[in-house]
Amino acid sequence: MDNSGKEAEAMALLAEAERKVKNSQSFFSGLFGGSSKIEEACEIYTRAANMFKMAKNWSAAGNAFCQAAQLHLQLQSKHDAATCFVDAGNAFKKADPQEAINCLMRAIEIYTDMGRFTIAAKHHISIAEIYETELVDIEKAIAHYEQSADYYKGEESNSSANKCLLKVAGYAAQLEQYQKAIDIYEQVGTNAMDSPLLKYSAKDYFFKAALCHFCIDMLNAKLAVQKYEELFPAFSGSRECTLMKKLLDAHEEQNIDSYTEAVKEYDSISRLDQWLTTMLLRIKKTIQGLFAVGAARDGGSASGPPAPDQLGRKAGLCLSHSFSSRALSTRSR
């Protein structure tokens, strides 16, 4: 059967379901088994929705699942209603992201009312991902990741909560909400220290927290590194800590070449992802800003620091040579 045939069959099922609903509202049906007709209509709407899915008519499938969900609510079948709203949301994801969010929110309302917070948290993640990839609204994505983390924490699912919080921290840093990111990275890093399985990842979280400090102020970063070394001695000997110290020295010396070389050396072993690239570029720009101030103060004399445009070109060539595959030279968000 081709798609047009599947759609025709789905439409016939919709008509049958509507007749069942209409018949259930008659006086005699109300006396003799009206609810059974509603149950039959729920099943038929679901069959129609699945037939629409087979025909790849996602909006029609979503609408049919919504019809089934509403009838389940009428029957006080909350779990079945929530399941149908989730199915509707999954169908709408392929055609109407905003409607997908609306359906998932209906499901979340039901699950939270039932005390099913772990399932609700999972669907908040789905909504966050829609805002990330389809609607590109990072602020709303953050809000749903935070809500998901809150529900997971309440259910003692700390590992799942931390995954959501790390997403929040990553986006917060990109939005220059550095203190928010720092608080999360420090919290997750401190928790990881106490776990034999997660201890190794603690250094990565402290490294990211230190980079966020660096984006605020060099002194903040220096004090943070000292604090993390005392808190977690294993951080002291890590490549991440070594890189931070080299970056701090380069910043203090206003030496872009040293900064670039330190990043290049780190990248040769541990490849930089886009988040690290963005943060490192932001810090690099602060060094270039210091050069610009120094050059203006010294009037561009030979005894003063090199001209910023020369340094920028030199550093840019080195950076682009080392990191072109990850577009390090692109503007930071």
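The values are calculated or read from the model by the stated rules, or taken from the named source; none is laboratory data. Predicted model, so just to flag it, every value in this text is computed and none were measured. Using ideal geometry, Cβ is built from the backbone for each residue, glycine included, and neighbour counts are taken over all protein chains shown.
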Take segment 225-256 and flag every residue that is buried (at least 20 other Cβ atoms within 10 Å of the Cβ) and touching a residue at least 40 places away in the same chain (Cβ under 8 Å).
-> Phe232, Ile256
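Does Leu272 meet the test of being more than 15 Å from His213 (Cα to Cα) and not acidic (Asp, Glu)?
Numbers: more than 15 Å from His213 (Cα to Cα): yes; not acidic (Asp, Glu): yes.
Judged against the criteria, Leu272 is a match.
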Can Glu43 be described as within 21 Å of Ala10 (Cα to Cα), of a type in the set (Asp, Glu) and surrounded by fewer than 17 Cβ atoms within 10 Å (Cβ to Cβ)?
-> yes
Cβ-Cβ under 9 Å pairs, at least 6 apart or on other chains, segment 19-46 side modelled with pLDDT under 85, far side among the acidic types (Asp, Glu) = Ser24/Glu40
Do the conditions hold for Tyr151, that is, is it under 9 Å from the mean Cα position of the chain (by Cα), hydroxyl-bearing (Ser, Thr, Tyr) and buried (at least 20 other Cβ atoms within 10 Å of the Cβ)?
-> no
Between a first residue in segment 93-104 that is surrounded by 23 or more Cβ atoms within 10 Å (Cβ to Cβ) and a second residue that is assigned to a loop (DSSP other than H, G, I, E, B), which pairs have beta carbons less than 7 Å apart while being 6 or more apart in sequence or on different chains?
-> Ala100/Lys93
Is segment 57-70 home to any residue that is more than 22 Å from Ile119 (Cβ to Cβ), out of contact with any His (no Cβ under 9 Å at 6 or more places or on another chain), at pLDDT 95 or above and not in a helix (DSSP H, G or I)?
-> yes
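Please tell me if Glu261 is under 21 Å from Tyr178 (Cβ atoms) and either assigned to a helix (DSSP H, G or I) or free of Cβ contacts under 8 Å to residues at least 60 places away in the same chain (or both).
Values: under 21 Å from Tyr178 (Cβ atoms): no; either assigned to a helix (DSSP H, G or I) or free of Cβ contacts under 8 Å to residues at least 60 places away in the same chain (or both): yes.
It is false that Glu261 is under 21 Å from Tyr178 (Cβ atoms) and either assigned to a helix (DSSP H, G or I) or free of Cβ contacts under 8 Å to residues at least 60 places away in the same chain (or both).
Here is a check on your reading of the model: is Val168 surrounded by fewer than 16 Cβ atoms within 10 Å (Cβ to Cβ) and without any contact (Cβ under 8 Å) to a residue 40 or more places away in the chain?
On the way: surrounded by fewer than 16 Cβ atoms within 10 Å (Cβ to Cβ): no; without any contact (Cβ under 8 Å) to a residue 40 or more places away in the chain: yes.
Answer is no for this residue.
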Test: residue in segment 66-76 that is touching a Lys or Arg at 6+ places or on another chain (Cβ under 9 Å) and surrounded by fewer than 22 Cβ atoms within 10 Å (Cβ to Cβ) | no
